[in-house]
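Only one structure is covered here, and it is reproduced in the block below.
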Amino acid sequence: MRQYRWKRGTAGLMAGAAMLMLAGCSEANEQGASEQALAVDTTSPMMVSAPEGDEASAEIAGRPALPANLPRIAYNFGYSFRLPSAEISSLMRRHADRCESQGPAVCYIVGMGLRGNADREDLQGTLQLAVASSQARAFGAALEAEAEDAGAEQVSASIASEELSKQMVDTEARIRARSELRDRLMEVLQTRRGTVQELVEAERSVAQVNEEIDQARSWLEQMRGRVAFSSVTVSYESDIAPASDFWAPVRSALGSLGSIMGTLVALLIFAAAVGMPLAAGLFGIHRLRRRFGWGISPAES
């Protein structure tokens with residue numbers, strides 16, 4: 001009897017242990033499933049951090065993907081150099097060649113132009129570059145060193161920044177919300193639940209939501225590009241004043257003479273417009289006085 005009770009108690013303990021093991025396995029499975037779901041969510045294309053697709057496109061475009069916890073700042077660098085007009089185009093080409101030698105993943109030319117006349121020593125130039133933000137300051141230092149070697153004088157250097165984190169996060173949130181709305185509308189269209197009017201309205205809404213998503217993605221890509229590549233503007237100006245010209249004062253005096261003559265003619269016209277009616281009035285009064293003898297002494301008559 002005792003042996004039976006012992007066997008019965010042992011069986012109960014073994015059953016309890018089995019139930020505990022099953023519960024532990026169930027919790028482990030649930031925890032693993034939740035961790036797997038969490039892992040899937042963190043790699044979802046709608047998360048704030050850079051998605052896998054964007055990382056691939058960023059690598060193709062030569063732009064590194066930015067972690068979500070880092071501030072997203074767009075930088076604008078400006079440099080200005082003064083040197084003889086004959087050397088401006090040469091230094092500008094050297095700076096442009098330095099940019100192109102780094103490759104489009106590091107630097108590319110946005111714009112380049114010259115204005116003025118080199119013969120009159122008033123030539124000016126502007127070079128606009130886009131440089132990878134991680135190398136923008138080092139690239140600017142290289143531009144300054146190259147300009148110094150060419151004998152140019154640095155006039156100014158500036159750095160400006162714009163915080164884009166809030167705009168980018170808001171845009172990403174808008175994309176997620178619109179994508180969820182599109183999925184719900186597509187489910188309505190696929191299941192064909194609703195009246196014909198509701199289905200037609202759903203199709204219109206899907207088209208509108210897709211347009212909003214494309215526009216938001218375009219804005220987001222533009223902001224990512226501004227963060228990944230800093231804007232660098234290099235200005236060049238001549239340091240030699242125009243040569244003295246003997247006829248310059250004469251031309252200036254002739255130009256002023258026309259303005260002076262115009263002023264005199266204007267004064268004559270004004271005097272004629274005011275003086276002629278006044279003179280005619282005085283002459284008429286004098287004739288009336290002589291005719292009717294108003295205030296005229298016998299000696300004057």
Residue match in the range 161-176 (condition: small (Gly, Ala, Ser), out of contact with any His (no Cβ under 8 Å at 6 or more places or on another chain) and at pLDDT 95 or above): no
Failed item in (1) in a strand (DSSP E or B); (2) under 12 Å from Val232 (Cβ atoms); (3) of a type in the set (Gly, Ala, Ser), with Gly113 passing the rest: (2)
Among the residues listed as Gly78, Gly103, the single one being under 11 Å from Val232 (Cα atoms), of a type in the set (Gly, Ala, Ser) and in contact (Cβ under 8 Å) with a residue 12 or more places away in the chain: Gly78
Enumeration of residues in the range 130-140 that are crowded, with 16+ Cβ neighbours inside 10 Å and of a type outside the set (Ser, Thr, Tyr): Ala130, Val131, Ala132, Ala136, Phe139, Gly140
Filtered residue count, the range 141-168, keeping only those that are over 24 Å from Ser238 (Cβ atoms) and exposed (fewer than 14 other Cβ atoms within 10 Å of the Cβ): 7
Test result for Asp214, at pLDDT below 85, of a type in the set (Asp, Glu) and on the phi < 0 side of the Ramachandran plot: no
Ser231 being at pLDDT 75 or above, outside any helix (DSSP H, G or I) and either of a type in the set (Ser, Thr, Tyr) or surrounded by 10 or more Cβ atoms within 10 Å (Cβ to Cβ) (or both): yes
Residue that is farthest from Ile88 (Cα to Cα), among those in the range 127-171 that are out of contact with any Pro (no Cβ under 9 Å at 6 or more places or on another chain) and of a type in the set (Asp, Glu): Asp170
Any hit, the range 117-125, residues being more than 30 Å from Glu211 (Cα to Cα), modelled with pLDDT under 95, acidic (Asp, Glu) and buried (at least 16 other Cβ atoms within 10 Å of the Cβ): yes
Total residues in the range 116-136, condition touching a Phe, Trp or Tyr at 6+ places or on another chain (Cβ under 9 Å) and assigned to a helix (DSSP H, G or I): 2
Residue satisfying all of: in the range 56-88; charged (D, E, K, R) and outside any loop (DSSP other than H, G, I, E, B); modelled with the lowest pLDDT among these: Glu59
The range 89-110 - residue that is assigned to a helix (DSSP H, G or I) and over 19 Å from Ala141 (Cβ atoms) and, of those, farthest from the chain's Cα centre (by Cα): Ser90
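The values are calculated or read from the model by the stated rules, or taken from the named source; none is laboratory data. Keep in mind the model is a prediction, meaning the values are calculated, not measured. As a convention, Cβ positions derive from the backbone with ideal geometry for all residues, glycine included, and neighbour counts pool all protein chains shown.
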